[in-house]
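Beneath this line is the structure, given in structure tokens, with notes to follow.
The values are calculated or read from the model by the stated rules, or taken from the named source; none is laboratory data. Keep in mind the model is a prediction, meaning the values are calculated, not measured. Ideal geometry is used to build each Cβ from the backbone, glycine not excepted, and the neighbour counts take in all protein chains shown. All accessible areas refer to the heavy atoms of the entire protein, side chains included, with ligands and DNA or RNA removed. Shrake-Rupley method; radii C 1.70, N 1.55, O 1.52, S 1.80 Å.
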Amino acid sequence: MSNQSILRITRELSEIQRGPDLSLAVACRDIDVRNVRALIIGPPDTPYEFGFFEFAVKFTKDYPTKAPAVNAITTNLGRTRFNPNIYAAGRVCLSILGTWRGERGEEWSSAQGLESILISIQSLMSQNPYENEPGFEDAKTDYDKKNQEAYVAKIRHETLRISIIDRLEDYLGINREKTPGVVSVYDAEEDYQSSGTDAPFEPFKDLCMRRFLWYYDSYLLAIETESQKHKDGDRFEKMPFEGPGNTMDGSFQYTSLKSRLQGIYEKLNQEMESWALEGQIAVQKEISIASNLQRQFEQIVEYYKSNDGVALDLKLVDKNPFVWQLVLFGRPMTNLDGGMFRIRIHLSPKFPDVLPRIKFETPIFHHRVSKDGILCYDPTRKDDLKSHIEAIIEAVEEESPAYDPRTLVNPEAAKLFWGTPEEKKLYNRKLRRSVQESTEF
């Protein structure tokens with residue numbers, strides 16, 4: 001592969017990794033930039049909502065003259081077709097990739113790149129993917145409408161089961177029993193042969209764990225809503241365009257999914273709590289990460305002593321550099337005015353490969369804070385804890401953020417915050433009430 005091609009790929013990967021789009025992630029092994037993994041997080045308000053869909057992207061020496069080859073990995077070991085354009089065998093049908101005949105001007109050009117490919121794939125994950133099948137674009141009969149509802153219903157179920165629950169259980173080593181009507185498990189190494197090594201490549205493991213905590217309430221809400229419509233054991237409807245080896249078979253099992261989802265959440269919290277003990281051992285053994293975190297803590301404390309713009313208090317819990325206690329005082333003349341919020345920052349001995357878990361100990365009604373206190377925030381520099389502190393403060397204090405449904409981790413609060421003027425007033429009242437009660441907590 002030419003140096004220009006490698007430089008182009010490297011630049012594109014860096015731009016996506018540094019970019020603001022929370023729904024895309026990319027990674028590659030250091031030894032082989034030609035073989036890239038990409039993760040697309042399912043768009044909100046679709047049956048793919050907050051699912052984790054992984055793809056293998058292979059660049060040839062002709063890139064960017066020729067498009068890379070893209071294969072879906074999240075296919076339940078080749079058993080599940082998640083979209084008319086995303087086949088169970090991994091094939092992704094898009095005119096931009098040359099895998100589907102499109103209209104003039106839709107074909108690949110060197111002006112396009114990896115991000116445009118991923119956005120095109122993401123656009124397939126629509127509210128009504130039934131219409132993606134050629135010949136069904138304008139399907140309006142009662143028969144088609146019934147099929148559309150059935151197709152959306154089973155995609156939503158399998159998004160939760162395969163792309164989220166199976167994946168997280170594999171990450172956490174949770175053994176699961178087979179459920180009637182449900183087949184096999186997600187395998188993050190499917191079809192990845194190019195590296196020449198047997199070592200697992202799981203570049204999105206920590207990202208998916210953190211996002212699971214963000215979206216846990218949304219997952220639960222989806223299960224509660226859908227379980228009212230579909231009884232356990234009801235079989236999925238087969239679509240007219242599905243054939244042998246390229247379908248989505250199975251049955252609804254929402255009771256099981258809810259139990260498994262709750263088990264994952266509990267296991268993630270246990271893992272987070274275990275970091276404190278691991279951290280103490282790292283301190284005793286004088287491992288470099290312990291010194292690194294201690295030094296960053298001291299530097300941040302000194303920085304905020306001279307920063308009059310933010311009122312906060314930062315301490316180590318039990319003198320452990322792996323557990324920080326942040327007390328944030330509400331800024332005057334804002335909705336947080338008069339509030340005092342205790343925030344626990346849990347740090348892994350694997351930081352920065354594993355990013356901090358941030359949890360509000362003081363209850364707050366906020367569209368960026370889940371009911372259990374999980375904060376949705378995105379630091380500019382992942383390896384700099386000062387950047388994390390700044391991002392935490394910004395996420396909580398910002399009163400007029402740009403709308404981004406991927407940051408709305410509290411469904412009730414988000415609905416009010418982005419709703420009608422009357423709903424926004426109700427949101428502010430609920431937020432102010434939690435602010436007033438924060439000093440009594």
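Can you tell me, using C-alpha contacts under 8 Å and at least 6 residues apart, the relative contact order of segment 1-106 as a whole percent? It would help to have the intermediate numbers written out before the result.
On the way: 162 pairs, mean separation 16.6, N = 106.
It rounds to 16 percent for segment 1-106.
Along the axis of the charge dipole computed for the chain (Cβ charges of +1 for Lys and Arg, -1 for Asp and Glu, origin at the Cα centre), the listed residues Ala27, Asn269, Ile287 are led at the positive end by Ile287.
How much length is gained if the chain between Glu224 and Gln270 is pulled fully straight, taking 0.36 nm per residue apart and subtracting their Cα-Cα distance, in nm to one decimal?
On the way: separation 46, 0.36 × 46 = 16.56 nm, distance 2.46 nm.
Roughly 14.1 nm would be gained on extension.
Loop-resident trypsin sites (Lys or Arg not before Pro) (DSSP state other than H, G, I, E or B) in segment 233-307 with no more than 10 further Cβ atoms inside 10 Å of their Cβ: Lys285.
Which whole-number percentage describes the relative contact order of the chain, with Cα contacts under 8 Å and a sequence gap of 6 or more?
Values: 688 pairs, mean separation 49.4, N = 441.
Reported relative contact order: 11 percent.
Taken over segment 239-280, the alpha-carbon convex hull comes to 102 cubic angstrom per residue.
How big is the charge dipole of segment 214-300 about its Cα centre, in debye rounded to the nearest 20, if each Lys and Arg gets +1 on its Cβ and each Asp and Glu gets -1 on its Cβ? List each step's numbers first, then the result.
Numbers: 9 positive and 14 negative charges, 21 e Å.
With only Lys, Arg, Asp and Glu charged at Cβ, the dipole is about 100 debye.
Quick one: dipole size for segment 1-154, taken about the Cα centre, charges +1 on Lys/Arg Cβ and -1 on Asp/Glu Cβ, in debye to the nearest 20. Don't jump to the answer; show the numbers that get you there.
Numbers: 18 positive and 20 negative charges, 131 e Å.
Computed charge dipole of segment 1-154: roughly 640 debye.
Counting only helical runs of four or more DSSP H residues, what would the 222 nm mean residue ellipticity of the chain come to if each run contributes -39,500 (n - 2.57) and the total is spread over all its residues? Don't skip to the answer; put the middle values down first.
Details: 10 runs with 160 residues, N = 441.
One gets -12000 deg cm²/dmol as the mean residue ellipticity at 222 nm.
Other residues whose C-beta falls under 15 angstrom from the C-beta of Gln280 contribute a net charge of -2, scoring Lys and Arg +1 and Asp and Glu -1.
Using a 1.4 angstrom probe on heavy atoms only, work out the carbon and sulfur share of the accessible area of the chain in %. Show your work: numbers first, answer last.
Working: 10180 of 21190 Å².
Answer for the chain: carbon and sulfur cover 48 percent of the accessible area.
How many Å³ per residue does the convex hull of the Cα positions in segment 292-441 occupy? List each step's numbers first, then the result.
Numbers: hull volume 17.0 nm³, N = 150.
Enclosed volume per residue, from the Cα hull, is 113 Å³.
Between Val26, Val57, Val310, find the one with the highest GNM mean-square fluctuation for the chain; connect C-alpha pairs within less than 10 Å. Greatest mean-square fluctuation among the candidates belongs to Val310. Spin-label pair Asn428-Ser95: with each label point 7 Å from Cα along the Cα-Cβ axis, the two points sit 4.7 nm from one another.
Going through segment 364-405, which chymotrypsin sites (Phe, Trp or Tyr not before Pro) have at most 13 other Cβ atoms within 10 Å and a DSSP loop state?
Working: sites: Phe365, Tyr377, Tyr403; in loops: Phe365, Tyr377, Tyr403.
Here the chymotrypsin sites (Phe, Trp or Tyr not before Pro) that fit, given the DSSP loop and packing criteria, are Tyr403.
Quick check for me: using +1 on Lys/Arg Cβ and -1 on Asp/Glu Cβ, what's the dipole size of segment 79-171 about its Cα centre, in debye to the nearest 20?
Numbers: 12 positive and 15 negative charges, 50 e Å.
Approximately 240 debye in magnitude.
Placing unit charges on the Cβ atoms of the charged side chains and taking the dipole of the chain about its Cα centre, the candidate lying farthest along the positive direction among Tyr143, Trp108, His157 is His157. Does segment 364-441 come out rounded, prolate or oblate by the C-alpha gyration tensor, with a ≥ b ≥ c the root eigenvalues, rounded set by a/c under 1.5 and, if not, prolate when a/b is larger than b/c and oblate if not? Oblate, because a/c is 1.5 or more while a/b does not exceed b/c.
Would you mind classifying segment 192-273 by shape? Square roots of the alpha carbon gyration tensor eigenvalues, ordered a ≥ b ≥ c; an a/c under 1.5 is rounded, otherwise it is prolate if a/b is larger than b/c and oblate if not. Display every interim value, and only then the final one.
Numbers: a/c = 2.77, a/b = 1.15, b/c = 2.40.
Verdict is oblate for segment 192-273.
In the context of the full set of protein chains, residues of the chain present 48 Å² of accessible surface per residue (probe radius 1.4 Å, heavy atoms only).
Once you have the alpha carbon radius of gyration of the chain, what is it after dividing by 2.2 N^0.38 Å, with N set to its residue count? Numbers along the way, then the final one.
On the way: Rg = 23.3 Å, N = 441, 2.2 N^0.38 = 22.2 Å.
Ratio of Cα Rg to 2.2 N^0.38 Å: 1.05.
Qualifying GluC sites (Glu not before Pro) in segment 40-106, where qualification requires a DSSP coil assignment and no more than 11 other C-beta atoms within 10 Å, comprise Glu103. Between amide H atoms placed 1.01 Å from N, distances below 5 Å from Asp234 occur with Phe252, all of them 5 or more places distant or on a separate chain. By the equivalent-ellipsoid construction on the alpha carbon gyration tensor, segment 1-143 comes out with semi-axes of 27, 17, 14 Å, ordered largest to smallest. Given the options Tyr151, Tyr143, Tyr216, which has the most mean-square fluctuation in a GNM of the chain, springs set between C-alpha atoms less than 10 angstrom apart? Maximum among the listed residues: Tyr143. Highest mobility in the GNM of the chain, judged by mean-square fluctuation with C-alpha springs under 10 Å and restricted to Pro20, Pro203, Pro379, is found for Pro20.
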